[in-house]
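*Asks:* Submitted below is the structure of interest, expressed as structure tokens.
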Amino acid sequence: MSPDRLLFLLPLVPLLAAVVAFVAPGWSRRAGLAAATAMPPLALWTAMGVLESGMLSLPLGGWTAPLGIALRADGLSAVMVLAVAVVGFFISLHAAASFPGAGVQTHRERFFWPLWLLLLAGLNALFVSGDVFNLYVCLEITGIAAVSLVATAGSPDAIRAALRYLFVSLSGSLFYLMGVAILYGGTGVLDLVLLVEVVAGDPPAIIACLLMTGGLMMKTALFPMHFWLPPAHSSAPAPVSAALSALVVKGGLYILLRLWFGPFADLVGDGAIQWIGGLGAAAIVWGSWQAIHQPRLKLVVAYSTVAQLGYLFLLFPIAWSAADRTAAFTGGVVLLLSHATAKAAVFLAAGNVLAAVGNDRVPSLCGLSRWLPVSAFAMGLAGVALIGLPPSAGFIGKWLLVVAALEQGQWWWVAVLLLGSVLAAVYIIRLLGPAFVMPDSDQPPNPVSRIAEWTAFALAALSVLLGFVAIWPARLLAASVGSGFSP
Amino acid sequence: MTGSTVDLFLLVGAALFALGAAGVFREVEALRRIIAVNVMGSGVFLVLVAIAARGEGPPDPVPHAMVLTGIVVAVCATAVALALADLSRRHGSSADDKADR
């Protein structure tokens, strides 16, 4: 089987597992773990195909664009699909370990698996979609699955947060869809590659660009549209928080990258690119500042996501006029991978804290290093990546961005990057400080599954180790330069 | 279809979209916001149908397919929103009781 054919398996495998998990609840955990295990090899296979041929594409049903729907994967898609597969695998393990044992199936687990698998299917489909309307459908699938997953927590706070998240998500998608409609009205094309050639700088295209960008900013929680993220991400169950912060918000960012560096490249001037970078900078400062002042662990981590998303938006101005765009992009992508793994690790560790102590107020972290040494170590390692200390992937990503920014004399972004690291150090140390206070007893109030501890550790270790192999995403991105789809 | 009719549809579609968007951001009551999202969606669908009807000959089927898909998505999303709103209202009353005590 050629790797092109794989492209439809990426969304299909988790989707079928989701159906099984929903129809046969007794099999849901097994279906979920099977799909989660199948995804890393599939993603790796896709990446190998991209390395070999630059770009994979599959016209569904044999219908080629503009009539049919094409699935496509280039270096950026392959990196995202790999991130979903690897982070998704560990999150699935953690979920399976932290739900009650076999025989007991809670209401929460009954609905967790189908929705979680649907979320994975939607994300995979999103990252291999080749046209703007298909991207809309994938945005909605991931959005609705993500909202419902937040609601599985069942608490009044979670339900309210889910409802607020749903309204932002739905209206964001509709802004995006209106942009798609106007774009189609002006060009008669939906395919991302074909759009690059036909989008002109006329008023309808500019309106479409504004609508789509606005909608995606809402979905990506870019400052000042971030207000929905902290309540939703902090009130969800631990595996869901991890998936939302690590993977789901990256979907909107991915589409923005594709559009701004693809079809809208001629519309976007230097002013707009500095402006979106400015919002990213504001997100870093505001998100970090809020993170420093939150009373609860999960809120600290959620505000940290607001800040870390800001870094990814600095990629726009830094990569825009870079002499070596691929190097700047590598920096952004490595930072994205670092955040995906580190943030998932911290949220899973926070889930372990909640399970052990019963609440996640920052003072309750006292004694964590003795009660849950593995989780405490995971939080420390992930903190290294979030702050951006060497040799973590967070450091390599920031370093590449700093070099690219300095080459163009855009020193103000460097200042923001450094300030962000200092603020991140403050909120990470604020969490780790109490963790090393010695408790009175040796045992935590409630026992925590060992798998749940080690999955958090594995993700945290990955976020540091990725720094040593940052050349891999660089190769993937370089493989598809000039394929017409790549940014 | 004549150009002026298409223009009218486009304008009404844009107006509905704007009205709905204003509703989503300004309303507080969940049910009103759900209706506002649907008004927004109808605006987009109307614009798509008008785009399909432009020009000579039979209408362009691609926007029609997009509207059909969009309606399916809108129905699902509305169902989820209604379920959440209902849950939130039931929880909301008990949370208010706590606040009173």
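The values are calculated or read from the model by the stated rules, or taken from the named source; none is laboratory data. The structure displayed is predicted, hence computed values, not measured ones. Because the Cβ atoms are built from the backbone with ideal geometry, glycine has one as well, and the counts that use them run over all protein chains shown. All accessible areas refer to the heavy atoms of the entire protein, side chains included, with ligands and DNA or RNA removed. Shrake-Rupley method; radii C 1.70, N 1.55, O 1.52, S 1.80 Å.
*Asks:* Using a 1.4 Å probe on the protein chains only, how many percent of the accessible area of region B:1-86 belongs to carbon and sulfur?
*Replies:* Ligands and nucleic acids excluded, carbon and sulfur reach 72 percent.
*Asks:* For region A:1-124, build the charge dipole from Cβ charges (+1 Lys, Arg; -1 Asp, Glu) around the Cα centre, then report which of A:LEU119, A:VAL50, A:TRP63 sits farthest towards its positive end.
*Replies:* A:LEU119
*Asks:* Okay, next question. When the accessible area of each residue in region B:56-76 is compared between its chain alone and the complete protein assembly (1.4 Å probe; ligands, DNA and RNA ignored), which residues differ by at least 40 Å², being lower in the assembly?
*Replies:* B:VAL62, B:MET66, B:VAL73
*Asks:* Can I ask one more? Checking buried surface per residue: for region B:15-29, which residues lose a minimum of 30 Å² accessible area in the protein assembly relative to the chain alone (1.4 Å probe)?
*Replies:* B:PHE17, B:PHE25
*Asks:* Which angle between 0 and 90 degrees, to the nearest 10, do you get for helix A:28-53 versus the longest principal axis of chain A when only C-alpha atoms count?
*Replies:* Result, in degrees: 40.
*Asks:* Lys/Arg Cβ at +1, Asp/Glu Cβ at -1, dipole of chain A taken about the Cα centre: which of A:LEU267, A:VAL23, A:ILE318 is farthest positive-ward?
*Replies:* Checked the options; the winner is A:VAL23.
*Asks:* Suppose every Lys and Arg Cβ carries +1 and every Asp and Glu Cβ carries -1, with no other charges. What dipole size does chain B come out with about its Cα centre, to the nearest 20 debye?
*Replies:* Taking the Cα centre of chain B as origin, the dipole is about 260 debye.
*Asks:* Projecting each Cα onto the charge dipole of the protein assembly as shown (Lys/Arg +1, Asp/Glu -1 at the beta carbon, about the Cα centre), which of A:ALA470, A:PHE89, A:LEU406 comes out farthest on the positive side?
*Replies:* Most positive-ward Cα: A:PHE89.
*Asks:* Relative to the Cα centre, what is the charge dipole magnitude of chain A, using +1 at the beta carbon of each Lys and Arg, -1 at the beta carbon of each Asp and Glu, and rounding to the nearest 20 debye?
*Replies:* My answer is approximately 1060 debye.
*Asks:* Summarise the partner chain shielding of B:38-45 as one whole number: the mean count of Cβ atoms from other chains within 10 Å of each residue's Cβ.
*Replies:* So the per-residue partner count for this stretch is 4.
*Asks:* Ignoring the sites themselves, what is the longest stretch of chain A with no chymotrypsin sites (Phe, Trp or Tyr not before Pro) in a DSSP loop and at most 14 other beta-carbon atoms within 10 Å?
*Replies:* A:228-435
*Asks:* Taking only Cα atoms, what is the 0 to 90° angle, nearest 10, from helix A:297-320's long axis to the longest principal axis of chain A?
*Replies:* Around 20 degrees separate the two axes.
*Asks:* Quick check: the distance between the Cα centres of region A:323-392 and region B:2-61, to the nearest angstrom?
*Replies:* 44
*Asks:* Moving to a separate point now. Send over a whole-number figure in Å² for the accessible area per residue of region A:269-487, probe 1.4 Å.
*Replies:* Value for region A:269-487: 37 Å² per residue.
*Asks:* Okay, moving on. Hey, can you find the accessible area per residue of region A:154-245 for me, probe 1.4 Å, expressed in square angstrom?
*Replies:* 26
*Asks:* Tell me the volume per residue, in Å³, of the convex hull enclosing the alpha carbons of region A:415-487.
*Replies:* In region A:415-487, the Cα hull volume divided by residue count equals 177 Å³.
*Asks:* How large a share of the accessible area of region A:130-283, in percent, is made up of carbon and sulfur atoms when the probe is 1.4 Å and the other protein chains stay in place?
*Replies:* 68
*Asks:* Right, another one. What is the helix-to-structure angle for A:450-465, meaning the angle in degrees between its Cα long axis and the longest Cα principal axis of chain A, kept from 0 to 90 and rounded to the nearest 10?
*Replies:* The angle comes out near 50 degrees.
*Asks:* Tell me the label-point distance for the pair A:ARG108, B:GLU29, using the 7 Å Cα-to-Cβ offset, in nm and rounded to one decimal.
*Replies:* In this crude label model, A:ARG108 to B:GLU29 measures out at 3.4 nm.
*Asks:* Sticking with this one: Between A:VAL198 and A:ARG450, what length in nm is gained on full extension when 0.36 nm per residue of separation is reduced by their alpha carbon distance?
*Replies:* 85.2 nm
*Asks:* A further question follows. Note down the nm distance, to one decimal, between modelled labels 7 Å out along Cα→Cβ at B:SER4 and at A:PHE227.
*Replies:* 4.4
*Asks:* Return the carbon/sulfur percentage of the accessible area of region A:1-128, one whole number, probe 1.4 Å, all protein chains in place.
*Replies:* Carbon plus sulfur share of accessible area: 72 percent.
*Asks:* Starting from 0.36 nm per residue, how many nanometres of slack lie between A:VAL285 and A:TRP27 once their C-alpha separation is accounted for?
*Replies:* Taking 0.36 nm per residue and subtracting the Cα distance, the gain is 88.3 nm.
*Asks:* Something else now. Using only the Cα atoms of region A:1-128, what semi-axes does the equivalent ellipsoid have when each is the square root of 5 times a gyration tensor eigenvalue? Give whole Å, largest first.
*Replies:* 30, 15, 10
*Asks:* Would you please name the GluC sites (Glu not before Pro) within chain B that are DSSP coil residues with at most 11 other C-beta atoms within 10 Å of their C-beta?
*Replies:* B:GLU29, B:GLU56
*Asks:* On to the next question. Buried accessible area between B and A (1.4 Å probe, both chains summed, ligands and nucleic acids excluded), in Å² to the nearest 100?
*Replies:* That pair of chains buries around 2700 Å² in total.
*Asks:* For the protein assembly as shown: lysine pairs with Cα atoms under 30 Å, gap of 8 or more or different chains, count?
*Replies:* For the protein assembly as shown, qualifying lysine pairs total 11.
*Asks:* Using the crude model of +1 on Lys and Arg Cβ and -1 on Asp and Glu Cβ, and no other charge, please compute the dipole size for region A:269-487 relative to its Cα centre, in debye to 20.
*Replies:* Computed charge dipole of region A:269-487: roughly 200 debye.
*Asks:* Right, something else. Classify chain B: rounded, prolate or oblate, from the alpha-carbon gyration tensor (a ≥ b ≥ c, eigenvalue square roots; a/c under 1.5 rounded; otherwise prolate if a/b is larger than b/c)?
*Replies:* oblate
*Asks:* If you don't mind, another one. How shielded is A:168-180 by partner chains, expressed as the average number of their Cβ atoms within 10 Å of its Cβ atoms?
*Replies:* That average works out to 6.
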